[in-house]
1. For the stretch 60-68, check the following and say yes or no: at least one residue is out of contact with any helix residue (DSSP H, G or I) (no Cβ under 8 Å at 6 or more places or on another chain), closer than 26 Å to residue 209 by Cα, in contact (Cβ under 8 Å) with a residue 24 or more places away in the chain and not hydroxyl-bearing (Ser, Thr, Tyr).
2. At pLDDT below 50, exposed (fewer than 10 other Cβ atoms within 10 Å of the Cβ) and farther than 27 Å from residue 146 by Cβ - does that describe any residue in the stretch 17-30?
3. Just wondering, is there one or more residues in the stretch 71-78 that are buried (at least 20 other Cβ atoms within 10 Å of the Cβ) and in contact with a strand residue (DSSP E or B) (Cβ under 8 Å, 6 or more places away or on another chain)?
4. With respect to residue 253, determine if the residue is outside any loop (DSSP other than H, G, I, E, B) and either assigned by TED's automatic domain parsing to the domain that holds residue 202 or more than 16 Å from residue 201 (Cβ to Cβ) (or both).
5. Given the criteria outside the structural domain of residue 228 (by TED's automatic domain parsing), surrounded by 15 or more Cβ atoms within 10 Å (Cβ to Cβ) and either within 22 Å of residue 196 (Cβ to Cβ) or modelled with pLDDT of 95 or more (or both), does residue 349 qualify?
6. Answer yes if at least one residue in the stretch 427-437 is farther than 30 Å from residue 310 by Cα, assigned to a strand (DSSP E or B) and among the aromatic types (Phe, Trp, Tyr), and no otherwise.
7. Looking at the stretch 140-148, is at least one residue assigned to a loop (DSSP other than H, G, I, E, B), of a type in the set (Asp, Glu) and not assigned by TED's automatic domain parsing to the domain that holds residue 54?
8. Collect the residues in the stretch 412-443 that are touching a residue at least 12 places away in the same chain (Cβ under 8 Å) and aliphatic (A, V, I, L, M), keeping them in residue-number order.
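The values are calculated or read from the model by the stated rules, or taken from the named source; none is laboratory data. Note that this is a predicted model, so its numbers are computed, not measured. Cβ atoms come from the backbone with ideal geometry, glycine included; neighbour counts cover every protein chain shown.
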Amino acid sequence: MKTTKRVLAVVLTALMLAMMIPFAVSADSTYTATITAKEGYTITVYRIGTYDNANGVYVADSNVDSTIKTAVEAVPASAADIRTACEAAQKAGKNLGTQEGSAMTAGTNGTVTFGTETAGVYFAAVTGKPAGKTVKATGGSVFYLTTDKGPNNEDMTNIQVDISGKIDDGTPTVDKKIVDGDMGNDYQTTAKVGDDVKFLLRASTMGSTTEPVTKYEIKDTMSAGLTFKEVTSVYLDSNTTTLTAGTDYTVTTSGGGTAPTDVTIALTASKLATNGFYNAANVYVELVATVDSDAIIGRAANDDAIAYTNTTNNYNKDSLEYSNRYEPNGDIKGNTVHVYTFELNILKYDSTKQEGQTGYGLSGAKFTVTGPNNYSNTNVVTSSNGTAKLSGLKKGSYTIVETEPPKGFNLNNTPYTVEIDANGNVTGAGFVVDGVAKIPNTPVVMPDSGGQGTMVFTIVGASLIACAGVLFIIVRKKKSSK
């Protein structure tokens, strides 16, 4: 019985001690800070100093940068001076002290909650940003956690910290347009092979002198159907500041031939160090490409799409690659624009025959074809089956005129006008069938040997001989009478 009582006493004692442990822990001071930033931003808290109860002062953490140590231990200390020192140290990549806990990402309400059991002075730093945002400026906040009352007798064990106003950000955009297109929008045009097409690229600026960009490259990618010619201008905003090649930006190319060509317009480090860049809203690039012999003829499905990934026909697309403290490999995709080229098919045929009969198509007919933008081709000749094809044309009206007929046929010098629309459809009243311009010719008719034609010549010849004979007799008689 005594043994049982002893066991129960030990058990009860253990239970009472176990129940007292949580209360003993809760008796310790717990400090919390609710930090308001912006949704998706990452906040990291560093302890930069602790409170010396014996002397009533703050002592800098042993591994903080010396500028922070000086600010923390100044008498009197200034929270503003400490913050300035911390922000400068963060920008320079110097030690901010002891990281407390893990980095925290703000939710939809833009807040994170920080907790610690150590009284001290802390720095809340922005250490990450949400995707799709660029940062012009950020800042941190210095705050104290202590059992002492604040200057306004407020509780300093559970405080509110707001750094949202220090985050100046935006959503950068990149886009591309065709200059002076002929299809009524900024993203499509038609052109003939050999034409120059002008493009305008625009990219948002980003960062600031306090949050500098270390890389800013506008990249233009064009299909094998376009050959890069030149960058004609780079400027800020509405052409308020023209940038200088070599000094403010460089132009490099890669790829080409049958592969896409990348043209990179990179702002120089010296330009990225100026307020002129950061005070501007956009960078503009004007460039020119030439439609070449690799141009694809016609329009394929989804050619109207302008998404960056759409690269069906003779495309040109742009993007922005950048680096800053928060994003070392930023890449923003722009959009795609398209240049369309078309073809014109001609058939020269014998109008006295039915299609499918031998000799229906006539070879050797020569044409001059004229069209928009002073287009002129004076050497269009039909092949053995009577066809001729002109490729790489833009939309518009074209006039076909025969200049040399096929051998043995009359010249048909009637002007034939066709219309090529923005989809490459060819139309022409009465002579275009299934998109083919059909131009008739008739054979030259020669007199039949021994027929009526011969009789006519015989009669005419005999008449001439008779007339000559009569004239001879008259002349002889006149001479005899003399």
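1. There is no residue in the stretch 60-68 that is out of contact with any helix residue (DSSP H, G or I) (no Cβ under 8 Å at 6 or more places or on another chain), closer than 26 Å to residue 209 by Cα, in contact (Cβ under 8 Å) with a residue 24 or more places away in the chain and not hydroxyl-bearing (Ser, Thr, Tyr).
2. yes
3. yes
4. Spelling it out, residue 253 is indeed outside any loop (DSSP other than H, G, I, E, B) and either assigned by TED's automatic domain parsing to the domain that holds residue 202 or more than 16 Å from residue 201 (Cβ to Cβ) (or both).
5. For residue 349, the condition - outside the structural domain of residue 228 (by TED's automatic domain parsing), surrounded by 15 or more Cβ atoms within 10 Å (Cβ to Cβ) and either within 22 Å of residue 196 (Cβ to Cβ) or modelled with pLDDT of 95 or more (or both) - is met.
6. Within the stretch 427-437 (the criterion being farther than 30 Å from residue 310 by Cα, assigned to a strand (DSSP E or B) and among the aromatic types (Phe, Trp, Tyr)), the answer is no, since none of the residues qualifies.
7. No, that holds for no residue.
8. 418, 420, 422, 426, 432, 436, 437, 439
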